[in-house]
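Report on the structure given below.
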Amino acid sequence: IYSLDFSRDPFGVLLRRRATGTVLLNTTVAPLIFADQFLQIATSLPSRFLYGLGEHRGTLLHSLDWSTLTLWARDVSPTESFNLYGAHPFYLLMEEGGDAHGVFLLNSNAMEVALQPAPGLTWRTIGGVLDFYIFLGPDPNMVIQQYQQVIGFPAMPPLWALGFHLCRWGYGSSNETWQTVRAMRNYQIPQDAQWNDIDYMDGYRDFTFDPQKFASLPSLVEDLHKHGQYYVIILDPGISSTSPHGSYWPFDEGLKRGLFLNTTQGQPLIGQVWPGFTAFADFSNPDTHQWWLENLQHFHAHVPFDGLWIDMNEPSNFMDGSEDGCPPGELDSPPYTPAVLGDSLSAKTVCASAKQKASVHYNLHNLYGLMEAKATASALTQIRGKRPFVISRSTFPSQGRYSGHWLGDNRSQWKDMYYSIPGLLSFSLFGIPLVGADICGFSGSTSEELCTRWMQLGAFYPFARNHNTQNEKAQDPTVFSPAARTAMKNALLTRYSLLPFLYTLFHRAHLQGDTVARPLFFEFPWDVATFGLDRQFLWGRSLLVTPVLEPGVDLVTGYVPRGVWYDFYTGSSVNSSGEMLKMSAPLEHLNLHVREGAILPTQKPGTTSEATRGNPLRLIVALSSSATAWGDLFWDDGESLDTFERGSYSYLVF
């Protein structure tokens with residue numbers, strides 16, 4: 001379905017799609033530069049409709065007006081044009097006429113991708129090789145499936161992972177955390193998991209809990225389990241290095257076994273994170289995975305957590321490089337440094353020259369979060385014997401096999417709520433379907449209106465967690481007025497009623513790489529009007545979510561693609577020619593539409609996924625204009641490993 005031509009002068013390759021003759025790649029447009037620490041190759045593009053290339057904050061559809069996207073894992077609040085927590089050197093391009101293709105550069109070094117209005121694109125990386133994978137689709141859904149055939153399909157999450165999660169930094173005590181859980185139960189607001197941030201730890205040290213403020217933590221976890229709920233804790237890769245010898249096993253043992261990143265001099269590299277001075281676990285060393293497991297086993301014996309939230313794994317460092325800076329040399333000061341935030345590879349992370357088991361950090365930096373996720377998912381599986389639940393901040397291609405992702409330290413602002421949609425849709429392209437943003441915003445102070453609208457949108461994030469920073473007023477649903485609280489509760493009850501549908505979408509993602517949260521253009525690739533839409537999204541192929549993203553309105557304008565769509569709540573139909581439509585959107589209402597020809601399996605919602613599981617099921621059948629409809633349901637026990645692979649499931653087609 002393609003032809004490949006080599007050109008000697010000018011040097012390069014031309015890749016064409018046979019069916020249309022479209023030139024997908026033409027690298028003769030600029031010279032190839034191939035040095036050890038500087039590799040550059042450019043191509044023309046067949047259109048301006050380019051997506052992917054993460055992790056960045058911006059619109060879903062990239063602007064090609066001389067923008068440069070840098071890929072180098074970095075701890076920074078999501079800001080336009082900055083290189084963020086993860087690195088995803090993959091793009092999807094929509095060609096004229098509705099065909100799509102994808103390009104993946106398998107390279108973990110610091111890189112930048114320069115976009116030109118020609119339209120054209122230049123890859124520039126400072127290590128490794130040029131190892132390109134081209135996916136010819138021709139439909140955007142198929143491009144993403146083909147990409148995941150290379151990087152691996154996402155893991156099937158446990159059902160409880162798809163419930164509502166609640167967290168904040170600064171509960172201050174286990175009793176305060178418990179109070180919040182009780183208030184949620186009191187108002188019968190759905191909640192599957194309660195989380196704690198770093199304040200549960202003793203001196204911010206991993207694998208410890210504060211013996212005073214969190215003394216009742218084991219009892220809280222026992223109470224959660226009794227109520228069919230789950231407990232998730234944060235974990236950082238920086239291991240405190242200043243405890244007296246013999247008093248902190250994780251560091252003593254890691255040192256003894258040689259499991260930390262080393263300086264060029266062969267001593268553990270010491271940086272600074274929450275507990276103060278820290279060494280950094282080397283997850284490229286298989287022995288580190290065993291030590292990580294042993295630490296988690298010791299802690300699980302005291303606090304039987306169910307899931308793990310791995311943060312700060314870019315890795316983040318409050319110093320640049322280390323306590324001694326970084327040595328001179330080609331790794332820390334390469335001949336060319338891509339346009340990274342801070343203008344140095346060691347800005348707020350460790351030295352690029354740091355030694356790891358597999359290679360130097362220069363080559364492994366963008367893989368740090370992936371390697372930690374692999375160790376963490378494996379440890380959880382061994383400890384609990386069930387599907388692991390891991391949420392990671394730093395990510396790399398194939399991350400979806402081990403973890404989900406949240407979009408980082410956002411702010412309680414309307415624009416942050418909007419940017420979460422292109423964020424989650426981009427991670428759908430990257431094969432990490434379990435994704436969401438901090439609902440109501442992490443830093444700054446939310447308002448009741450913003451939080452209500454955000455809870456409505458967040459109820460349709462594949463991963464739905466409300467999370468808040470310390471020293472800000474609480475923003476969980478229980479603290480608002482009765483009207484707002486009811487609106488939030490109803491949005492969550494709608495989500496819980498759709499869990500059978502959502503769970504089935506995750507099964508399809510796990511089985512063949514279908515997306516869960518899906519851009520509209522994936523279903524309507526011939527409709528150019530959908531190419532730039534990132535204020536709405538679909539669940540699967542058939543549920544359209546149109547959230548309100550601005551203050552003080554009771555109307556929302558959304559694009560309704562061609563065909564018949566049914567109001568989710570009332571069943572009233574709208575027959576669209578493919579047009580922008582005004583929809584009524586009072587504060588208590590989230591617009592949801594079901595596409596003609598779809599059958600959605602739903603369930604009477606309970607306040608946990610476990611309670612919901614036992615309730616009666618019902619089908620929502622949205623007939624097409626030719627009076628046909630189709631849907632499916634995947635159902636198993638919701639937590640056992642490899643149920644599909646072992647055949648212990650039911651799969652029904654309606």
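The values are calculated or read from the model by the stated rules, or taken from the named source; none is laboratory data. What you see is a predicted model, and the numbers here were worked out from it, not measured in a lab. When we count neighbours, we look across all protein chains shown, and the Cβ atoms used for this are built from the backbone with ideal geometry, even at glycine. Ligands, DNA and RNA are stripped out before the accessible areas are found, and what is left, the full protein with its side chains, is counted by its heavy atoms. Shrake-Rupley method; radii C 1.70, N 1.55, O 1.52, S 1.80 Å.
List of remarks:
- Checklist (1) more than 30 Å from Leu511 (Cα to Cα); (2) touching a residue at least 24 places away in the same chain (Cβ under 8 Å) applied to Ala491, failing item: (1)
- Some residue of the stretch 204-214 being within 18 Å of Asp306 (Cα to Cα) and of a type in the set (Ser, Thr, Tyr): yes
- The condition of being polar (S, T, N, Q), farther than 21 Å from Ser428 by Cα and open to solvent by less than 20 Å² (accessible area, probe 1.4 Å) holds for Thr469.
- Selection within the stretch 203-217 - open to solvent by 10 Å² or more (accessible area, probe 1.4 Å) and aliphatic (A, V, I, L, M): Ala215
- Any chance Asp527 is over 30 Å from Arg185 (Cβ atoms), within 20 Å of the chain's Cα centre (by Cα) and in the same structural domain as Gly606 (by the TED database): no
- In the condition set (1) closer than 27 Å to Asp199 by Cα; (2) open to solvent by less than 10 Å² (accessible area, probe 1.4 Å), Pro519 is compliant with all but (1).
- Residue within the stretch 497-514 that is outside any helix (DSSP H, G or I), within 30 Å of Ser626 (Cα to Cα), open to solvent by less than 40 Å² (accessible area, probe 1.4 Å) and not aliphatic (A, V, I, L, M) present: yes
- Flag for Glu639 being free of Cβ contacts under 8 Å to residues at least 12 places away in the same chain, within 27 Å of the chain's Cα centre (by Cα) and at negative phi: no
- Residue count for the stretch 7-31, restricted to those that are closer than 27 Å to Met94 by Cβ, of a type outside the set (D, E, K, R) and open to solvent by 70 Å² or more (accessible area, probe 1.4 Å): 3
- Exactly one residue out of Leu32, Leu92 is on the phi < 0 side of the Ramachandran plot and under 29 Å from the mean Cα position of the chain (by Cα), and it is Leu92.
- Restricting the stretch 553-588 to residues that are open to solvent by 40 Å² or more (accessible area, probe 1.4 Å) and touching a residue at least 40 places away in the same chain (Cβ under 8 Å), the residue that is nearest to Pro519 (Cα to Cα): Tyr566
- Pair list, Cβ under 8 Å, 6 or more apart: the stretch 129-143 residue on the phi > 0 side of the Ramachandran plot, other residue buried (at least 18 other Cβ atoms within 10 Å of the Cβ) and of a type in the set (Val, Ile, Thr): Gly137/Val143
- Candidates in the stretch 630-654 are the residues that are outside any loop (DSSP other than H, G, I, E, B) and hydrophobic (A, V, I, L, M, F, W, C); of these, the one that is nearest to Ser378 (Cα to Cα) is Phe644.
- Residues (within 30 Å of Pro157 (Cα to Cα), over 26 Å from the mean Cα position of the chain (by Cα) and open to solvent by less than 10 Å² (accessible area, probe 1.4 Å)) located in the stretch 300-353: Val303
- Inter-residue pairs, beta-carbon under 8 Å, first on the phi > 0 side of the Ramachandran plot and in the stretch 158-178, second hydroxyl-bearing (Ser, Thr, Tyr), 6+ apart: Gly170/Thr469
- Residue within the stretch 405-412 that is buried (at least 24 other Cβ atoms within 10 Å of the Cβ), in contact with a Ser or Thr (Cβ under 7 Å, 6 or more places away or on another chain) and closer than 18 Å to Leu367 by Cα present: yes
- Reported count of residues in the stretch 525-547, each being open to solvent by 10 Å² or more (accessible area, probe 1.4 Å) and hydrophobic (A, V, I, L, M, F, W, C), is 4.
- Of the strands (runs of 3 or more DSSP E) contained entirely in the stretch 103-196, those carrying at least 2 residues that are open to solvent by less than 20 Å² (accessible area, probe 1.4 Å) and more than 29 Å from Leu341 (Cα to Cα) fall at 164-166, 193-196.
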